[in-house]
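The values are calculated or read from the model by the stated rules, or taken from the named source; none is laboratory data. From a predicted model like this one, the values you see are computed outputs, not experimental measurements. Every residue, glycine as well, gets a Cβ built from its backbone with ideal geometry; the counts of neighbours run over all protein chains shown.
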Amino acid sequence: MSRTGALSAGAGAGPAGEGTSVRAGWTVAAAPLLAALTALFAVFLTGFDQRSAMPPDVAARFYGFFLDRYPLFAFALVYGLARVLAAALAPSPASVPRRLIGAAIGLALLLGVSLHPTFGGMVLRAGFGTGSGAFLNGTPMTLAYAMGAAAAAGVFGLALGLGVLLTGRAPAPPARSRLRGAGRALLNGLTAFLALWFAAAVIGLARDAGFGPWPRRLLDARDLVVAAALLTVAALPHMVLVAARRPALTLRGQRHARPGPAGGAA
């Protein structure tokens with residue numbers, strides 16, 4: 001095939017390739033929210049609560065102040081774990097061993113900051129400590145709450161971002177200069193942090209929004225609706241951000257790619 005024919009074929013496949021990239025981006029972006037909602041529905045259907053039989057050591061690690069005060073963080077953790085897995089399974093130039101090892105390290109890191117020494121880990125402790133400390137020092141309640149949500153989002157986002165990077169996700173196309181590349185990376189990190197900050201602020205309001213006393217008693221239908229709505233609203237900015245980035249990275253990478261040598265007769 002001649003060079004002209006190859007370029008024509010590539011141009012003809014452009015719209016189809018773009019559509020595939022968009023669909024893949026939304027699939028990767030929506031999978032974590034679907035996983036969190038599935039976990040929520042599983043809790044509702046099975047009637048799982050604090051009275052369910054669990055090993056004493058496991059129960060002592062999970063049940064306590066932070067689960068009682070921030071119950072939706074349990075499903076936010078499912079969201080984060082699913083995000084790492086989705087990144088590992090998404091199309092990427094990384095090898096299978098790197099994806100497996102990266103995903104294992106990323107999952108362990110996220111579980112560590114979320115569950116050690118007990119439920120909430122460093123994530124909720126950072127948020128609660130920052131917010132309560134600010135309030136006790138005279139900061140208005142709304143601002144103190146926002147500061148606590150920012151601290152929790154920062155710890156969670158750092159672990160989540162490292163986990164996704166370790167899976168070897170598709171890299172961004174090279175920037176024209178180091179300064180531009182650093183600026184793009186900074187902007188991406190800032191927008192991701194803002195999305196997670198919003199999510200942390202929303203799920204922290206579960207009790208104020210009418211979510212019942214789960215896990216001290218069963219989830220009822222009203223609790224299910226409230227929790228599903230809060231989780232969806234909280235995840236939407238981050239989900240849209242992930243969906244928008246993946247097709248953009250793929251398409252920009254294709255534009256920057258140089259055509260290989262033409263095969264066949266000239």
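Table: residues versus (1) more than 22 Å from the chain's Cα centre (by Cα); (2) modelled with pLDDT of 95 or more.
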site: Met141; (1), (2): yes, yes
site: Ala146; (1), (2): no, yes
site: Ala150; (1), (2): no, yes
site: Pro171; (1), (2): no, no
site: Thr191; (1), (2): no, yes
Residues located in region 172-224, provided they are surrounded by 13 or more Cβ atoms within 10 Å (Cβ to Cβ), in a helix (DSSP H, G or I) and aliphatic (A, V, I, L, M): Ala192, Leu194, Ala195, Leu196, Ala199, Ala200, Ala201, Val202, Ile203, Leu224
Hey, among the residues in region 25-54 that are exposed (fewer than 13 other Cβ atoms within 10 Å of the Cβ) and among the small types (Gly, Ala, Ser), which one's modelled with the lowest pLDDT? Ala53
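Could you tell me whether any residue of region 2-24 is at pLDDT below 75, among the β-branched types (Val, Ile, Thr) and exposed (fewer than 13 other Cβ atoms within 10 Å of the Cβ)?
Kept after step one, since they are at pLDDT below 75, are these residues of region 2-24: 2-22, 24.
The next check asks that each one be among the β-branched types (Val, Ile, Thr); those that pass are 4, 20, 22.
Right, trim to exposed (fewer than 13 other Cβ atoms within 10 Å of the Cβ) and you get 4.
Taking every residue of region 2-24 in turn, at least one turns out to be at pLDDT below 75, among the β-branched types (Val, Ile, Thr) and exposed (fewer than 13 other Cβ atoms within 10 Å of the Cβ).
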Filter the helices (runs of 4 or more DSSP H) completely within region 59-118 down to those with at least 2 residues that are closer than 17 Å to Arg216 by Cα and among the charged types (D, E, K, R). 65-69
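So, of the residues in region 55-92 that are closer than 17 Å to Val242 by Cβ and hydroxyl-bearing (Ser, Thr, Tyr), which turns out to be surrounded by the fewest Cβ atoms within 10 Å (Cβ to Cβ)? Before you say what the answer is, go through the steps one by one.
From region 55-92, those closer than 17 Å to Val242 by Cβ are 76, 78-92; that's our starting set.
Now drop any that are not hydroxyl-bearing (Ser, Thr, Tyr), which leaves 79, 92.
Working: Tyr79: 27, Ser92: 15.
Checked region 55-92; the qualifying residue surrounded by the fewest Cβ atoms within 10 Å (Cβ to Cβ) is Ser92.
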Looking at this structure, is Val123 crowded, with 21+ Cβ neighbours inside 10 Å and among the β-branched types (Val, Ile, Thr)? yes
